1. Using label points projected 7 Å from each Cα along Cα→Cβ, tell me how many nm separate residue 39 and residue 64, to one decimal.
2. Relative contact order (percent) for the chain, with alpha-carbon contacts under 8 angstrom and 6 or more residues of separation?
3. In what sequence, highest mean first, do 38-46, 12-20 appear when ranked by Cβ atoms within 10 angstrom?
4. Quick one: what does P(r) look like for segment 5-77 with 10 Å bins over all Cα pairs, in whole %?
5. Restricting to DSSP H runs of at least four residues, report the calculated mean residue ellipticity at 222 nm for the chain, -39500 (n - 2.57) per run over all residues, nearest 500 deg cm²/dmol.
6. With label points built 7 Å along Cα→Cβ from the Cα atoms of residue 23 and residue 55, find their separation and express it in nm.
7. If you count, for each residue, the other Cβ atoms within 10 Å and average over each peptide, how do 23-31, 62-70 line up from highest to lowest?
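Readers should treat all values here as calculations from the given coordinates under stated rules, not as data from a laboratory. Quantities reported herein were computed from a predicted structural model and do not represent experimental measurements. We place every Cβ from the backbone using ideal geometry, glycine too, and count neighbours over all the protein chains shown.
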Ligand SMILES: [Zn+2]
Ligand SMILES: [Zn+2]
């Protein structure tokens, strides 16, 4: 299961080039993470690195199920 490049690009634009994570178990805690991301750094674990994550494993490869996460959050959600 993988998102198409088109879906990922739309999700990245929706996220305003920021991490969309708002999990309370993470270090950003009460507020959305909002870490600034760099488009060309997908899959990179350096600053500005990010990855597209499925909100729900059964939700399919749709835009609504695509969450843009910084490298730190992506590692934390597994
Ligand atoms: Zn994050
Ligand atoms: Zn997070």
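1. Calculated label separation equals 2.7 nm.
2. Numbers: 128 pairs, mean separation 25.7, N = 78.
33 percent.
3. On the way: 38-46: 12.2, 12-20: 16.7.
Averaged packing, sorted descending, gives the order 12-20, 38-46.
4. 23, 55, 21, 0
5. Numbers: 2 runs with 17 residues, N = 78.
Result for the chain: -6000 deg cm²/dmol, rounded to the nearest 500.
6. Distance between the two pseudo-spin positions: 1.6 nm.
7. Working: 23-31: 10.3, 62-70: 19.2.
Ranking, from highest mean packing down: 62-70, 23-31.
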